[in-house]
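Every read-out reported here was derived from the displayed coordinates using simple, explicitly stated rules and does not represent laboratory data. Quantities reported herein were computed from a predicted structural model and do not represent experimental measurements. Methodologically, a virtual Cβ is constructed for each residue, glycine included, from the backbone with ideal geometry; neighbour enumeration extends over all protein chains shown.
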Protein chains: 4
Amino acid sequence: MTKYSFLYDYAEGAHPEILKALTETNTIQQLGYGEDEYCLEAAKLIKNIFELPYAEIHFVSGGTQANMTVISSILKPYESVIAAQTGHIAVHEAGAIEFTGHKINTIKTPDGKLTPELIKPVLIEHYDEHMVVPKLVYISNSTELGTIYTKKDLKELSYFCKENNLMLFMDGARLGSSLTSKDQDLTPKNIKDFVDVFYIGGTKNGALAGEAIVLINDNLKEKFRYSMKQKGALLAKSRLFGVQFAVLFKNNLFFDLATYSNKLAYKFAEEITNLGYKFIAEPQTNIIFPVIPDKTVLKLEKKFMFYPWKKYDKNNTTIRLVTSWATKEEKIDEFLEILSKDSHNS
Amino acid sequence: MTKYSFLYDYAEGAHPEILKALTETNTIQQLGYGEDEYCLEAAKLIKNIFELPYAEIHFVSGGTQANMTVISSILKPYESVIAAQTGHIAVHEAGAIEFTGHKINTIKTPDGKLTPELIKPVLIEHYDEHMVVPKLVYISNSTELGTIYTKKDLKELSYFCKENNLMLFMDGARLGSSLTSKDQDLTPKNIKDFVDVFYIGGTKNGALAGEAIVLINDNLKEKFRYSMKQKGALLAKSRLFGVQFAVLFKNNLFFDLATYSNKLAYKFAEEITNLGYKFIAEPQTNIIFPVIPDKTVLKLEKKFMFYPWKKYDKNNTTIRLVTSWATKEEKIDEFLEILSKDSHNS
Amino acid sequence: MTKYSFLYDYAEGAHPEILKALTETNTIQQLGYGEDEYCLEAAKLIKNIFELPYAEIHFVSGGTQANMTVISSILKPYESVIAAQTGHIAVHEAGAIEFTGHKINTIKTPDGKLTPELIKPVLIEHYDEHMVVPKLVYISNSTELGTIYTKKDLKELSYFCKENNLMLFMDGARLGSSLTSKDQDLTPKNIKDFVDVFYIGGTKNGALAGEAIVLINDNLKEKFRYSMKQKGALLAKSRLFGVQFAVLFKNNLFFDLATYSNKLAYKFAEEITNLGYKFIAEPQTNIIFPVIPDKTVLKLEKKFMFYPWKKYDKNNTTIRLVTSWATKEEKIDEFLEILSKDSHNS
Amino acid sequence: MTKYSFLYDYAEGAHPEILKALTETNTIQQLGYGEDEYCLEAAKLIKNIFELPYAEIHFVSGGTQANMTVISSILKPYESVIAAQTGHIAVHEAGAIEFTGHKINTIKTPDGKLTPELIKPVLIEHYDEHMVVPKLVYISNSTELGTIYTKKDLKELSYFCKENNLMLFMDGARLGSSLTSKDQDLTPKNIKDFVDVFYIGGTKNGALAGEAIVLINDNLKEKFRYSMKQKGALLAKSRLFGVQFAVLFKNNLFFDLATYSNKLAYKFAEEITNLGYKFIAEPQTNIIFPVIPDKTVLKLEKKFMFYPWKKYDKNNTTIRLVTSWATKEEKIDEFLEILSKDSHNS
């Protein structure tokens, strides 16, 4: 690619420490299917950091696979999952959840976040056997709009779910960016108090591939490996996941990478704000959504790759910019330079 | 693991050339979801070697994922797939095919291989709308019993399928071991004449993870990436697959690794035969099934890991021994030494 | 039931002519599974009336079964169906469509009716393999709100679907009430020009059970009986459906019953309007939705059964009133009497 | 049909008492979806007769629908159902069970009946997460071969299931013919001790349509109506089923009809035996399988309809003959006359 990419947080390979560890452990014989030493080690590290000694940890190759495996293992055939209209499962999984047989009840939100107030009407509208039974609430943290659920947000949601006999599942494809957000007070140790199950995204935070599913609620643990196998999610050389997650959760690397990624996004956002542009969602993590004049977008596209998100109005477009552990700061500077030339504020 | 493992051909990591290439290409930004340069390069290499300029190549993380994605993309809801009773999809995928909604018509075979004669009765028994419509034949080459489909086998099966309006899908999780078998006359260039779709196994022949699905029949190509996405099989950092398969199919590495693996298995089988033991299936590839006295099995298990396959008779058990690109020849010698001490022939 | 029911159009059994015919034909031996003489006769009558000599007609037991069988037989796994938010498949089928593996893209509408303008954004938002492919448009005629698609409505929608490579499926659970609506210019003979498939509701228009699926588009006909069987929709004693539909479509009974039902609803609506109450949807067929003061609703509920639809505002509730071929006019008068006592207009 | 049919037990309509009751109750308004008075009455009668005061009774339109609804409501996605190779779900439901996502583990049997000895190997072969978990045993009583499970058979099977944590489901499409078999010691009151769920077939014993699902095990009751709705099995005018089953289980009609049907079959079988022909399965109920010379079959086919079941040997074919509550004895005599002319014994 001749243009520099702000398309997503998976344009590069893995953090060098990960490749090093894969190389060093390469010839040691291991059991497969999640029973290798590295998966056990990674699980132990995760249990410690998230203070979840009794959780079950399972590794799968990607987010859609994690979502479809978890959700279909929880729901009975006539039960549904509630999600924001912008939720990954609702839009960007090509119907994977429906393929497993379940309806998604979608809710329009201002910022990609679900709240008790937003969920209540869905519960009220589903009251008899002619309708599905909403049983699970799916949230992404950080969200598809780069926003985060704070401790208070999660607490309220969790309380509401328990009151209403709903399970709560947190898609943490970008959990690192949420937990290290400048606006976040939620810590790894808090999560266990609020959700029944979540997953920790490796792919978008320095791994080659891999998401760690963390089953907290005991009822979800039974024969989960069968569910994984049936969805094609039980990797033969699971060491690939084990080694990576062991590296990520030793010496704080997972959080350091996310912190770096966020830091660059904040700089990015701050400068864009200074240049007089606004955002459609509060820049809280490594995904930001500035509104840029169409003619400037065209100039930027000559040197950079990024997603035009949506037409904002006649002359402006919301674009999506994503930073990662591998983003080069000087490329942000180059981007800002082009932007500043077109800015009224400059 | 303190015991040496002949459990499977995925006890070690990747061939060192693969890790080297992953490291060298690591920081180069790439598109995701199969559109990176390495996937394109690997696809090109595969097309050349298998003489399939118009095929579509897609990479997924494992065999069950490959099978469920391919099979469910071919069949209409009321159509079924025919497989040997020992076929991977029939036994070892935790119902993944049925999960996608399809019946597997299983057929008892002497050696894990399907033939026109074996399939015919299934077609005859399915004649009206109270039954499923068998539409696809699934074969593994090499099979779960280590046997192979030769050119003649495949030709006859292919001809039969065309005559009977059946598609033919070859699961090549161990295609390398089949194509480099001492008994094989089938070449990579022949495959296109016989099957509608097949996949090339990377995991069991030197890759960390990855199978290359090769769509030959044009009717199977439409929107295949949608099917992949829906099954959680579209990897974000697809470079992981692209880089690996590019290495495997440059400089003949894929075939060299399989040849090495087979060679060790032949030595293994020859010596076991010399010691007076027999096999339940002809040793043709890297998986062999000798029949060993129970008391000897117990001795072997103290130093080695391998699967007891099935009780053979009162005092003997069939065991499964698997070699790979990473198997150490001296470990085979150690195994044989124990075996020879118990042998009447020694 | 001691209260008179305006709950739905299936509170009574079958039209007496139907029971008579069932009795008269009862002991004549017939083939099963849709191949009896009466099914053939009914199909012939339907083909004549709807001018569809090449259509395929199949009978199933209910609307949800018709919808799930038709929709799942049309869509590939990654394809979706577009429906109004109020559509029966979207709300009142307990996730039957999702159970068959397909997403429903729902659209908010003012009156339960889809239009090209409403559908366009859904098509625009689905553009790559991370999303489903909308492939089918589902409409109910008459709708769940009692409104109808006229000839012009259907023509525009049909044209739009053809332009956009979408199929069009009309759920005619209440097709009788639509075709005999005072506001309708669509005739039975017009339908073939606009939709790929539709079904004719028997249950809600005088039959004991039974819906007639009419497959117009040749591409939908292949092995449809297999799809039916697989969904449990192929009735052994299909004569039950054949006899009923033959009676309904001989001597215009189907249209006469719907006309009667509509006529009573119009009288109902007119009087309610005269009493000063308004409707949330134009009363066009046998389902009407007046807005009634809560205290009056309580009085009505002492003598009648009907569904409170939704709170309208602080003091008023929208209720649903349904008439049928069996509704007694004097019961409407009794209802109106109570209503008039509370009315400001009276 | 100009030929008399021994094809099946659903060639005629309903028993006259049923049509009479449908007519008498026709205009009485009722609730729908299983909540009408007749369904409640029928459920009460069934509970009394089968001594199951706490069972839940639900009515559906046919056997495949009953099987797919029950089985898919019991099993988790990775769980399977065990059935005889000749079982209705294994062969004659066009993949309905697999469509709901579940594998059927089929077992070869001599007589269509499962036994602990036959099931054991299936349990042994399924031991880890690469395979499905067999969780339910499906039996048909009477079987597809006309044989029956006696009290002893069912007791042994039930005991085995409980020991092995398996559920037991009895498909009673022809339960009447089993319970009234000359060889049967199982009574309606015994069933509760042995199975978790069963259904009582109406269609094949005098009803127009309808099977009564009887949920005994409390764990199976939760939200079963949701499962029914989702499978299209909740009939709007459920009175159709309620009225019929109320008639069948008042005054012993259900058992009288089955007794009549069996009696004619026994006469049929006895005379065929006297003529020197043998049977492939013991004639115990209303379906019998004599082996007839091909040339005689051709003669019989000129006057009668019946299914040729399977070629028996070079010159003989096994045919299937079915009697019902409506079978005319003189037609059996006519059939036997033709047969006797060709018989060596005559």
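Worth pointing out:
- Here is the size of the stretch D:206-346 from its Cα atoms: Rg then Dmax, 20.0, 60 Å.
- The chain D residue nearest the rotation axis shared with chain A, using its Cβ and rounding the distance to whole Å, is D:G101, 3.
- Restricting the GluC sites (Glu not before Pro) of the stretch C:137-238 to loop positions (DSSP other than H, G, I, E, B) with no more than 14 neighbouring Cβ atoms within 10 Å leaves C:E222.
- As a calculated quantity, the FRET efficiency between C:K299 and C:Y127 at R0 = 60 Å, using C-beta atoms, amounts to about 0.65.
- Ordering C:L40, C:L234, B:L166, B:L298 from the fewest to the most neighbouring beta carbons within 10 Å gives B:L298, C:L40, B:L166, C:L234.
- Where labels lie 7 Å past Cα in the beta-carbon direction, separation of A:K263 and D:N315 in nm: 9.5
- Residue of C:S177, C:S142, C:S80 that the Gaussian network model of chain C assigns the largest fluctuation, springs spanning Cα pairs under 10 Å: C:S80
- Span per principal axis, largest first, for the Cα atoms of the protein assembly as shown (Å): 91, 84, 53
- Placing a label point 7 Å from Cα along the Cα-to-Cβ direction at A:N48 gives distances to the equivalent points in the other copies of 4.8, 7.0, 8.4 nm, listed shortest first.
- Our coupling estimate for the stretch C:183-193, obtained by passing each phi through the Karplus curve with A = 6.51, B = -1.76, C = 1.60 and θ = phi - 60°, is 9, 8, 10, 6, 10, x, 6, 6, 4, 4, 6 Hz, Gly and Pro reported as x.
- Efficiency of FRET between B:K182 and C:T2 - r from beta-carbon atoms, R0 56 angstrom, step 0.05: 0.05
- Three-way shape call for the stretch C:16-251 based on the alpha-carbon gyration tensor, with the a/c threshold at 1.5: prolate
- Database remark: amide H of C:W309 closer than 5 angstrom to the amide H of C:T318, C:I319, C:R320 (H placed geometrically; neighbours at sequence offset of 5 or more, or on other chains; Pro and chain starts carry no H).
- The phi torsions of the stretch A:106-115, fed into the Karplus equation with coefficients 6.51, -1.76 and 1.60 and a -60° offset, translate into couplings of 9, 10, 6, 10, x, 9, x, 10, 8, 9 Hz, rounded to whole numbers, with Gly and Pro shown as x.
- Remark on B:A84: its backbone amide H falls under 5 Å from those of B:I107, a criterion applied only to residues 5 or more positions apart or on other chains, H modelled at 1.01 Å from N.
- Whichever aspartates and glutamates have a C-alpha closer than 16 Å to that of C:K295, once near sequence neighbours (fewer than 8 apart) are set aside: C:D313, C:E337, C:D342
- Label distances, nm, C:G276 versus same residue in remaining copies, Cβ-directed 7 Å point: 5.9, 9.6, 11.0
- Among the trypsin sites (Lys or Arg not before Pro) found in the stretch D:1-50, those both in a DSSP coil and sparsely packed, with 15 or fewer other Cβ atoms within 10 Å of their Cβ, are D:K3.
- Across A:K103/C:K189; D:K155/D:K221; D:K278/D:K328; D:K108/D:K152; A:K189/B:K229; B:K76/B:K223, pairs whose alpha-carbon gap is larger than 27 Å: A:K103/C:K189; A:K189/B:K229
- Candidate cross-link partners of A:K44 among the aspartates and glutamates, defined by an alpha-carbon separation under 16 Å and a same-chain spacing of 8 or more, comprise A:E35, A:D36, A:E56, A:E211.
- For the cross-link pairs A:K135/D:K47; A:K267/A:K341; B:K204/B:K299; B:K151/B:K331, the ones whose C-alpha atoms lie over 22 Å apart are A:K135/D:K47; B:K204/B:K299; B:K151/B:K331.
- Once the Cβ-Cβ distance of B:N217 and B:K278 is raised to the sixth power relative to R0 = 60 Å, the FRET efficiency obtained is 0.90.
- When only Cα pairs below 8 angstrom with a gap of at least 6 residues are kept, the stretch B:16-251 shows a relative contact order of 31 percent.
- With its label point defined 7 Å out from Cα along the Cα-to-Cβ axis, D:T187 lies at 6.7, 7.0, 7.9 nm from the matching points of the other copies, in increasing order.
- Those trypsin sites (Lys or Arg not before Pro) in the stretch A:274-346 that DSSP places in a loop and that have at most 13 other beta carbons within 10 Å: A:K278, A:K314, A:K328
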